[in-house]
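Accompanying notes for the structure given below.
The values are calculated or read from the model by the stated rules, or taken from the named source; none is laboratory data. What you are looking at is a predicted structure, and each value in this text was computed from that prediction instead of being measured. Note that we place each Cβ from the backbone using ideal geometry, even for glycine, and neighbour counts take in every protein chain shown. Accessible surface areas use protein heavy atoms only, side chains included; no ligands, DNA or RNA. Shrake-Rupley method; radii C 1.70, N 1.55, O 1.52, S 1.80 Å.
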Amino acid sequence: MQDDDRTILLTADLEKALAAGDDEAVHAALHDLLLYKAVHPLTPADLDIVAAVLDLGGRGARTALKIVYTSAMRQGTLPGDRDAAAVRLRAVLERAGDDRTAVRHALHLLAVLGDGRAVVEHLAAEGDAVRKEDYLSPVMAAVLTRSDADLAAVQAALSGRAAEEIRAIREYARDPDAYEERVRMTQEDEVEIL
């Protein structure tokens, strides 16, 4: 059996499981795709089917998010229907709660999809709970730089630690290398003091 035929069978299994509403079969089909994609990258059409699982929530959605994230970040493959994927990723952010991995993956995927508005809206919604480490990555820098005025407004609306976190995010977005060098130098200075 050729790789393309195997992928078609795996995505067909996923579509059948989704249509049947069988969460266990959905998770099993996703797990097979996760294993298989290591040797044969998924196509944008395959990722559209996987992204549909994000609507379900739970364990299947976490696995689907992992598949879409790794396909985007490691292989550069995004779902074919990017608008639908962005809508689903926004819903993931709303449901993620304290699951920082899901939040980080969804934010990074939204950044890759060019949805800076969703990234900034989520940052603003986090308020005092904002964590800069979710936003300090090269994939986020470009989308955050384009949204600097919006970030400045969010920063101005907050105070204390949250405002400092957003200041650091904005600083990183402007020049990631300079930011990382400054952090490294600060850490070295702190070690010397000890």
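Here's the yes/no breakdown for (1) closer than 27 Å to Y172 by Cβ; (2) of a type in the set (A, V, I, L, M):
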{"residue": "H40", "(1), (2)": "no, no"}
{"residue": "D46", "(1), (2)": "no, no"}
{"residue": "G57", "(1), (2)": "no, no"}
{"residue": "A61", "(1), (2)": "no, yes"}
{"residue": "T70", "(1), (2)": "yes, no"}
{"residue": "V87", "(1), (2)": "no, yes"}
{"residue": "D99", "(1), (2)": "yes, no"}
{"residue": "H105", "(1), (2)": "yes, no"}
{"residue": "E121", "(1), (2)": "yes, no"}
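Residue under question is R170, and the condition is that it be farther than 20 Å from E94 by Cα, of a type outside the set (F, W, Y), assigned to a helix (DSSP H, G or I) and in contact with a helix residue (DSSP H, G or I) (Cβ under 7 Å, 6 or more places away or on another chain); does it hold?
On the way: farther than 20 Å from E94 by Cα: yes; of a type outside the set (F, W, Y): yes; assigned to a helix (DSSP H, G or I): yes; in contact with a helix residue (DSSP H, G or I) (Cβ under 7 Å, 6 or more places away or on another chain): yes.
Against the criterion (farther than 20 Å from E94 by Cα, of a type outside the set (F, W, Y), assigned to a helix (DSSP H, G or I) and in contact with a helix residue (DSSP H, G or I) (Cβ under 7 Å, 6 or more places away or on another chain)), R170 qualifies.
Out of everything in the range 117-144 that is open to solvent by 30 Å² or more (accessible area, probe 1.4 Å) and of a type in the set (D, E), what residue ends up being nearest to the chain's Cα centre (by Cα)?
The selected residue is E133.
So the check is Cβ under 8 Å with 6+ separation or different chains; which pairs have a first residue in the range 134-159 that's more than 16 Å from D115 (Cα to Cα) and a second one that's open to solvent by 70 Å² or more (accessible area, probe 1.4 Å)?
Filtered contacts from the range 134-159: Q155/R167; L158/D128.
For the range 98-138, which positions are under 19 Å from I67 (Cα atoms) and among the β-branched types (V, I, T)?
Passing the criteria: T101, V103, V112.
Looking at V154 and the list (1) surrounded by fewer than 19 Cβ atoms within 10 Å (Cβ to Cβ); (2) aliphatic (A, V, I, L, M); (3) over 20 Å from the mean Cα position of the chain (by Cα), which single condition is not satisfied?
Among (1) surrounded by fewer than 19 Cβ atoms within 10 Å (Cβ to Cβ); (2) aliphatic (A, V, I, L, M); (3) over 20 Å from the mean Cα position of the chain (by Cα), the lone unmet condition for V154 is (1).
Would you be able to say whether some residue in the range 75-87 is within 26 Å of E24 (Cα to Cα), open to solvent by 50 Å² or more (accessible area, probe 1.4 Å) and polar (S, T, N, Q)?
Looking through the range 75-87, none of the residues is within 26 Å of E24 (Cα to Cα), open to solvent by 50 Å² or more (accessible area, probe 1.4 Å) and polar (S, T, N, Q).
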